[in-house]
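The values are calculated or read from the model by the stated rules, or taken from the named source; none is laboratory data. Since this is a predicted model, take the numbers as computed values, not measurements. Cβ: placed from backbone, ideal geometry, glycine included. Neighbour counts: every protein chain shown. Accessible surface areas use protein heavy atoms only, side chains included; no ligands, DNA or RNA. Shrake-Rupley method; radii C 1.70, N 1.55, O 1.52, S 1.80 Å.
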Amino acid sequence: MYRFDQSLLRVLALALAALLLSVLVLGVAFSVLPTVVDAVIPRSGERIAQMGRVLPTFDGQAQGRQFIAWVMTSSHVIPMVALWSALAVLVLLVAGHWKRRNAVAPAAGAIVLPWLLLDAQWQSQLQNEIHASQERFDRRSIREKHLRDGQGDWYRFLQSLKSDVLPGESQRLVLFYDPESDDPQRVERSPFYLLPHNVLLASQSARLDASKADYVIWLSPGLADSAAQAVFASRVTEQACETGDGCALHLLQSHPMANVYTVLPLASLNEPPSGAEGGEPVGEVGQ
Amino acid sequence: MNAESAVAGLLCSLLLPWFCGGLWAYWWLGRSGRYNLYSLAGQGFVLGIALVIGLICGADALGMQLQFWPLASVLAGLSVLALVVQRLFPNPVLPQAHWEPIPRWHMVAVGLLMAAIVWRHVSLLEVLMLRPVFTPEAWSDGVLPAFVWFAQGSLTPFVEDREWLLAAGEVYANNSAPAPRATSLVQLWSLLGTGGFDNSFIFLPWLLVPTALGLALFGHLRLAGVPTILACIASYSLLSLPVVNEYTVLHGYWEIWLTLSFSLGVFALHQWRLTGHWSWASWCLFLAALCPAFASSGVVFAALLCLGLCWAWAFRRLPLAPVALRWGVQMVLVAALVVPALWLFSHPHSIFMGSPLSVEALSIEQLGTALYDGIFLQSGWHLLWFVLLGLLFLRRIPRGLLQWPEARWMVTLAALVWGLVQFRFTAAGSGDFANLSAALLPAVPPLVFCLFLSGARQVSDVQ
């Protein structure tokens, strides 16, 4: 049994006719009863408009789940198209029943054609995003792409840290961040940007034993004068060296984005710190 | 590594596992005498990826340096072995298929839909190749281990904070929630293949996932007797969904891999229900075992597939049993679903959720609002959920759903319910619908499969 073999012309003609009739019916209905939309979709337009203001329009900068949210909130034409399609299917099924003709294929057409329209709209949005991304990233090296990405300034800073401050071979780093104020995007990317170094992310409220780490990075200290730096460094030392075997920290670089310290276990304090020429111990805590 | 050898390695890393997996799938599933090229292509892709993951882990366990060409040689050897095994133990010869005459316009429509699918995936390829890695989870979860392992040439452990601080050896810090590493291993395989030539290349396997999914869906619908044009519309409707497209280009996300494993498991389950052949049952078990490799919540989907096998077994063994016995078996199987679910509800910090849990779950009203907004108003699903509602309204979905639902429906509906539960416990505070799409995604391809099987019964003889 195979009942899906009607001619294309007939299927298309019936589907299109039903869709056209459906448009007319809906047009009349919505012109006569404009409040029907609000009744059918309560507060939807308002909610979507709110989300549209909150979420950035995707231009290559939106991140992860925001990107999905952008897609998911980009339109509310779906229920209207569904209504249009459903009405057309209903017309075809009723007509098929009345005429005792099989209306499955035209009804399927009345679903597929609106689906194709929705898909064309999505493809058009996708093309727009591709054009935006092309302007931003096309024909650029991966380094240039990172620089032009949302966290380009942070990428540049960490690259300079890798080339100018840290040794070439892999080091163990503890990166302290403030979960309340530091950008999570910036924090989460840091271990990747700092490769081949081995990075542990730690909250600035955590006290841990960093004596087996090589360096400590403290995000966003925002300190200008040396007196403030000294007070601040003792706090960093308490956070990083209070527990365990104890250690001392030497300030290697002070920057508005992050301070970098080298870690010296207490046992090695008598020896000169490697890679920390000119640095002074800023504090030591041990058991 | 220069561009030529990077491209050669890339192509080899993409196609060789698929080829090898396809050959073994042909031998394995061919024993049942019920297969076609498309179903083998889809199922073979998953087996190929599983072989890659196993090879990398095996080589590392043996203390070997992880290098691409030695591993690729093993895969090539396995491909040759599959041909030898096929020669020694040939599959039963399929009877000559009787092809229904297909109207020419059907072929035209199929061609147009194929063109639309290809165009969409070319667009997605552009997106994948243009953007740098940009998803928050990807930075810590997937990408970092892959790059570390690539640089080290071995699977260096990622450990918790305390262990990292105490360790003197070469271990890396696991800066996110513990998660299975299969997606990182897939990225590592691409990195090894391209020699780290361009980071954008490492996500190309993500583009093959919907391709394999679409092929498998088409193939299994055709196996069930669904007309070519309807099977093609089914594949198109799945691959055109913006949500599926999104998870294809979200670098490093595991959702699309879990969706692939679970969906193909449901397809295999349906084939086993029809044939009763061990090859499809064992394949379904293999896919169930693969689900937890991609995500913590994969344990739940693996359990659903195993329960589906039990359900299908009972369906096969007890079709004429007394009603009371059938009801008894159903109750036992439903209890096997419900009791663990209730346990999970009472232990909301269970690892099975797969996402960071909110302290506060959504209320039923919030859940209803989110569902209404997320699946009926937003553009991520096109008309999928409306079609489901329409078929329910027109009673095209099996009327016996509450008497003895088929295993595919049972597992699909259970996966949908699980998705809602997961969303309820992980959505609070996220402020968007991303969690909803992630939670529902694994159930969507099986849902499309079930919908088209049920819908096609109206127009042709479908099993």
Original post:
Within the stretch B:399-429, restricting attention to residues that are open to solvent by 40 Å² or more (accessible area, probe 1.4 Å) and assigned to a loop (DSSP other than H, G, I, E, B), which residue is modelled with the lowest pLDDT?
Top reply: B:Gly429
Original post:
Which one is most open to solvent (accessible area, probe 1.4 Å), of the residues in the stretch B:106-155 that are modelled with pLDDT under 90 and hydroxyl-bearing (Ser, Thr, Tyr)?
Top reply: B:Ser140
Subject >> Index of the failed condition, B:Trp69 passing every other in (1) exposed (fewer than 14 other Cβ atoms within 10 Å of the Cβ); (2) hydrophobic (A, V, I, L, M, F, W, C); (3) part of a helix (DSSP H, G or I); (4) in contact with a Phe, Trp or Tyr (Cβ under 9 Å, 6 or more places away or on another chain) >> reply: (4)
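For B:Val243, indicate whether it is more than 14 Å from chain A (Cβ to nearest Cβ) and over 22 Å from B:Gly455 (Cα atoms).
Numbers: more than 14 Å from chain A (Cβ to nearest Cβ): no; over 22 Å from B:Gly455 (Cα atoms): yes.
Criteria not met by B:Val243.
Do you know which residues across the stretch B:221-231 are within 11 Å of chain A (Cβ to nearest Cβ) and not polar (S, T, N, Q)? Don't jump to the end; show me each part of the working.
First, pick out the residues of the stretch B:221-231 that are within 11 Å of chain A (Cβ to nearest Cβ): B:225-230.
Matches in the stretch B:221-231: B:Gly225, B:Val226, B:Pro227, B:Ile229, B:Leu230.
Might you check whether a residue that is farther than 26 Å from B:Leu241 by Cβ, touching a His at 6+ places or on another chain (Cβ under 6 Å), assigned to a helix (DSSP H, G or I) and at pLDDT 90 or above occurs anywhere in the stretch A:161-168?
We begin by selecting, within the stretch A:161-168, every residue farther than 26 Å from B:Leu241 by Cβ; these are A:161-168.
Those left that are additionally touching a His at 6+ places or on another chain (Cβ under 6 Å): none.
No, the stretch A:161-168 contains no residue that is farther than 26 Å from B:Leu241 by Cβ, touching a His at 6+ places or on another chain (Cβ under 6 Å), assigned to a helix (DSSP H, G or I) and at pLDDT 90 or above.
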Original post:
Restricting attention to the stretch A:148-157, does a residue exist that is open to solvent by 50 Å² or more (accessible area, probe 1.4 Å), farther than 28 Å from A:Arg235 by Cα and either in contact with a Leu (Cβ under 9 Å, 6 or more places away or on another chain) or within 11 Å of another protein chain (Cβ to nearest Cβ) (or both)?
Top reply: yes
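Give me a count of the residues in the stretch B:1-15 that are within 30 Å of B:Val93 (Cβ to Cβ) and crowded, with 21+ Cβ neighbours inside 10 Å.
In the first step, residues of the stretch B:1-15 are kept if they are within 30 Å of B:Val93 (Cβ to Cβ); the result is B:15.
If we keep only those that are crowded, with 21+ Cβ neighbours inside 10 Å too, we end up with none.
Number satisfying all stated conditions: 0.
Name every residue in the stretch B:162-190 that is in a helix (DSSP H, G or I), at the interface with another protein chain (Cβ under 8 Å from one of its Cβ atoms) and buried (at least 20 other Cβ atoms within 10 Å of the Cβ), in order of residue number. Working first, answer last.
Initially, the stretch B:162-190 is screened for residues in a helix (DSSP H, G or I), giving B:162-166, B:182-190.
Remaining after also requiring at the interface with another protein chain (Cβ under 8 Å from one of its Cβ atoms): B:164-166.
Scanning the stretch B:162-190 gives B:Trp164, B:Leu165.
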Original post:
Just a yes or no: is a residue in the stretch B:135-153 at negative phi, among the polar types (S, T, N, Q) and in contact with a His (Cβ under 6 Å, 6 or more places away or on another chain)?
Top reply: yes
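Can you tell me which residue within the stretch A:171-219, out of those that are part of a loop (DSSP other than H, G, I, E, B) and at the interface with another protein chain (Cβ under 8 Å from one of its Cβ atoms), is surrounded by the fewest Cβ atoms within 10 Å (Cβ to Cβ)?
So the residue we want is A:Pro196.
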Subject >> Subset of the stretch A:203-231 (residues that are modelled with pLDDT under 75 and more than 31 Å from the chain's Cα centre (by Cα)) >> reply: A:Ala224, A:Asp225, A:Ser226, A:Ala227, A:Ala228, A:Gln229, A:Ala230, A:Val231
